[in-house]
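Report on the structure given below.
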Amino acid sequence: MYGLVNKAIQDMICKHHGEETWEIIKQKAELEDIDFFVGMDAYTDDITYRLVAAACDVLGMETEAILQAFGEYWVTYTAEEGYGELLASAGKSLGQFVENLDNLHARVGLSFPQLRPPAFDCEHTSDKSMELHYQSTRQGLAPMVIGLLHGLGKRFHTKVDVTQISFREQGASHDIFSIEYDDSQTYDQRTGD
Ligand code: HEM
């Protein structure tokens, strides 16, 4: 994955657990040779998975919990690292934003030519609920999607409840999430609209 992802993992760990813990995690992942990650460089996925596994070991957390925390972190991280406009252009409410996820990644792909983006398909089941279909070339990232949806809920001041209803790791063709949300308090954080 692009270095931006690894940088965000590093940033989250340093912020929540300190630089020393990060160094231990990096060592455990056998990545001492990497001084720093370059956001626009493509790295093998193996590096990201090793970082997550080492973080689980060192912090005594489950993989799902780390991935979920990371998903939530990603929403604020990208907003602060130069992708705020891109996020803002993807929608003013959770429902609208989720519809635009593939467009957003298509735009990301213009600057990150080796991007292997996820694919999302959204079925609105009522004005407060939807089913979100998630497809990826990678395994095991469903908990990150749950965290991302919570992060988006915070961004839009929308209460979200996410339940995974179909599991690729149990043989389904792809992961599906059932999302219930209450966007009566929604406003755009950036413009205040
Ligand atoms: C402006 C904000 C965003 C940027 C710049 C961005 C960029 C990226 C990048 C660089 C990757 C790594 C893929 C690769 O290197 O091949 C990625 C992966 C991913 N992104 Fe985004 N993204 C953004 C927002 C979001 C949001 C809001 C979601 C919410 C669902 C999301 C869902 C994902 C998922 C699930 C992956 C994992 C890749 C996979 O499933 O195979 N992204 N994104």
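The values are calculated or read from the model by the stated rules, or taken from the named source; none is laboratory data. Small disclaimer: the values here were computed from a predicted structure and weren't measured. Backbone-built Cβ (ideal geometry, glycine too); neighbour counts: all protein chains shown. Each accessible area value is taken on the protein alone, full model and side chains, heavy atoms only, with ligands, DNA and RNA left out. Shrake-Rupley method; radii C 1.70, N 1.55, O 1.52, S 1.80 Å.
Once the Cα atoms are used to define both axes, helix 101-111 deviates from the longest principal axis of the chain by about 40 degrees. Take every Cα pair under 8 Å whose residues are at least 6 apart in sequence, average their separation, divide by the length of the chain, and the relative contact order is 19 percent.
Taking the accessible area of segment 67-182, probe 1.4 Å, and keeping the other protein chains in place, the carbon and sulfur fraction comes to 49%.
Once the Cβ-Cβ distance of Q139 and K7 is raised to the sixth power relative to R0 = 22 Å, the FRET efficiency obtained is 0.50. In whole angstrom, segment 67-182 maps to an equivalent ellipsoid with semi-axes of 20, 18, 13, each derived as √(5λ) from the alpha carbon gyration tensor and ordered largest first.
Taking Cα atoms, how many degrees apart are the long axis of helix 63-78 and the longest axis of the chain, rounded to 10 and kept between 0 and 90? Approximately 70 degrees, to the nearest 10.
Relative to the current alpha-carbon distance between I165 and H124, full extension at 0.36 nm per residue lengthens the span by 13.2 nm. In this structure I34 has an accessible area near 40 Å², from a 1.4 Å probe over the protein heavy atoms. The dipole here belongs to segment 3-61: it is taken about the Cα centre, uses +1 on the Cβ of Lys and Arg and -1 on the Cβ of Asp and Glu, and is about 240 debye.
For segment 28-64, chymotrypsin sites (Phe, Trp or Tyr not before Pro) are listed when DSSP marks them as loop and at most 12 other Cβ atoms sit within 10 Å of their Cβ; the list is F36.
Rounded to the nearest 20, the size of the Cβ-charge dipole of the chain about its Cα centre is 240 debye, with Lys and Arg at +1 and Asp and Glu at -1. Ignoring ligands, DNA and RNA, what percent of the 1.4 Å accessible area of segment 3-61 is carbon and sulfur? Here carbon and sulfur together make up 49 percent of the probe-accessible area.
Across segment 3-61, Cα pairs under 8 Å and at least six residues apart give a relative contact order of 45 percent.
Surface analysis of the chain yields an accessible area of 53 Å² per residue, using protein heavy atoms and a 1.4 Å probe.
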